[in-house]
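One structure follows; several queries about it will come next.
The values are calculated or read from the model by the stated rules, or taken from the named source; none is laboratory data. The structure displayed is predicted, hence computed values, not measured ones. Don't worry about glycine lacking a Cβ; one is built from the backbone with ideal geometry, like all the others, and counts go over all protein chains shown.
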Amino acid sequence: MNLIYSCVFTNENYITLFKNLLTSYCRYNDTSNVCYLVITSKEFHEKIKNILSESGLKHYDTWILDVCTEPRQDYNVYQSTYTRYFLFQYSKIHKFEKILYLDCDMLIVNNIDSLFSLDLENKFYFVHEPMHRYNHCALFSDSEFEKLDSDCTFTTAIILFENTPTNAGNLEKFYDTIKKFHMNYINPLPSYDQPIVNKICIEEKIYDNVLLRSYCLNIMPTDGVEKINLIPNYTMCHFATNVGEHVSKLQRISTVQKILNIPH
């Protein structure tokens with residue numbers, strides 16, 4: 001069996017985003033060989049459970065992590081971004097062969113079975129995102145940044161990987177590194193977890209940001225109708241706006257659903 005998982009924390013509007021994502025997933029997929037896990041807080045747990053139970057999914061689970069306890073909003077958002085890497089501690093992780101992480105600001109527009117049929121190496125598969133000096137490369141020095149391939153960066157909104165001891169160990173490395181950085185610096189990095197994971201993966205060469213390009217379309221804030229019209233040619237699409245800005249995400253997803261006549 002394979003696993004898909006998402007994280008829902010901090011802002012109740014992300015429950016709406018997740019429901020949109022789950023509805024789109026169920027519309028196009030036979031879920032018999034996939035379990036959908038949602039990592040969430042006590043505050044949101046009942047609502048998430050209800051959404052999952054009403055979805056028609058054959059296999060699903062929830063996992064409560066109490067990370068959102070600090071009064072500062074930036075702290076809550078920061079913590080919620082790196083819970084995705086805590087999966088190595090999930091008690092049922094041993095049951096799954098391949099694992100797909102999905103941010104909530106996504107839509108599934110076709111069957112995803114082909115992703116789980118891909119021949120994967122012992123690394124993480126991300127979707128390429130145009131290089132940004134700070135959103136991806138904030139931890140590289142200027143001299144290091146100048147030497148980087150302009151196509152080397154990626155978004156952490158989607159992650160596909162095999163369930164192997166090596167990948168589990170690297171998830172733990174991501175989590176520990178981000179958490180230590182967060183504890184040492186009051187102000188979060190732009191894009192929170194993303195610059196740290198980009199730096200580790202690029203330096204250690206433990207990622208691929210090419211394979212998923214034909215499966216996931218990354219819709220940037222500046223992209224217009226011409227790119228939106230390409231969405232049906234893909235398996236899924238990600239709506240890249242600033243972290244935590246639920247209003248812009250909901251608006252863009254709603255607009256795309258209307259343009260492409262996608263039920264919601």
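Looking only at the range 43-100, which residues are among the acidic types (Asp, Glu) and either in a helix (DSSP H, G or I) or at pLDDT 95 or above (or both)?
GLU43, GLU46, GLU54, ASP61, ASP74, GLU97
Let me ask another. For the range 23-48, enumerate the residues that are among the hydrophobic types (A, V, I, L, M, F, W, C) and either over 18 Å from ASP113 (Cβ atoms) or surrounded by fewer than 22 Cβ atoms within 10 Å (Cβ to Cβ) (or both).
Answer for the range 23-48, where residues must be among the hydrophobic types (A, V, I, L, M, F, W, C) and either over 18 Å from ASP113 (Cβ atoms) or surrounded by fewer than 22 Cβ atoms within 10 Å (Cβ to Cβ) (or both): CYS26, CYS35, LEU37, VAL38, ILE39, PHE44, ILE48.
Would you tally the residues in the range 38-69 being out of contact with any Lys or Arg (no Cβ under 8 Å at 6 or more places or on another chain) and touching a residue at least 12 places away in the same chain (Cβ under 8 Å)?
21
Yes/no per residue for (1) out of contact with any Asp or Glu (no Cβ under 7 Å at 6 or more places or on another chain); (2) free of Cβ contacts under 8 Å to residues at least 24 places away in the same chain; (3) farther than 19 Å from GLN79 by Cα:
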residue	(1), (2), (3)
ASN167	yes, no, yes
ASP176	yes, yes, no
GLU203	yes, yes, yes
LEU217	yes, yes, yes
MET220	yes, no, yes
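Take MET183 and tell me if it is surrounded by fewer than 17 Cβ atoms within 10 Å (Cβ to Cβ), of a type outside the set (Lys, Arg) and under 24 Å from ASN11 (Cβ atoms).
Yes.
Then there is this: Taking the range 121-164 only, how many residues are of a type in the set (Asp, Glu), more than 20 Å from TYR101 (Cα to Cα) and touching a strand residue (DSSP E or B) at 6+ places or on another chain (Cβ under 9 Å)?
Total meeting the criteria: 1.
Using beta carbons and a limit of 6 Å, which pairs, at least six apart or on different chains, have the first residue in the range 104-118 and touching a residue at least 40 places away in the same chain (Cβ under 8 Å) and of a type in the set (Asp, Glu) and the second one crowded, with 18+ Cβ neighbours inside 10 Å and not in a loop (DSSP other than H, G, I, E, B)?
ASP105/LEU17; ASP105/PHE239; ASP105/LYS249
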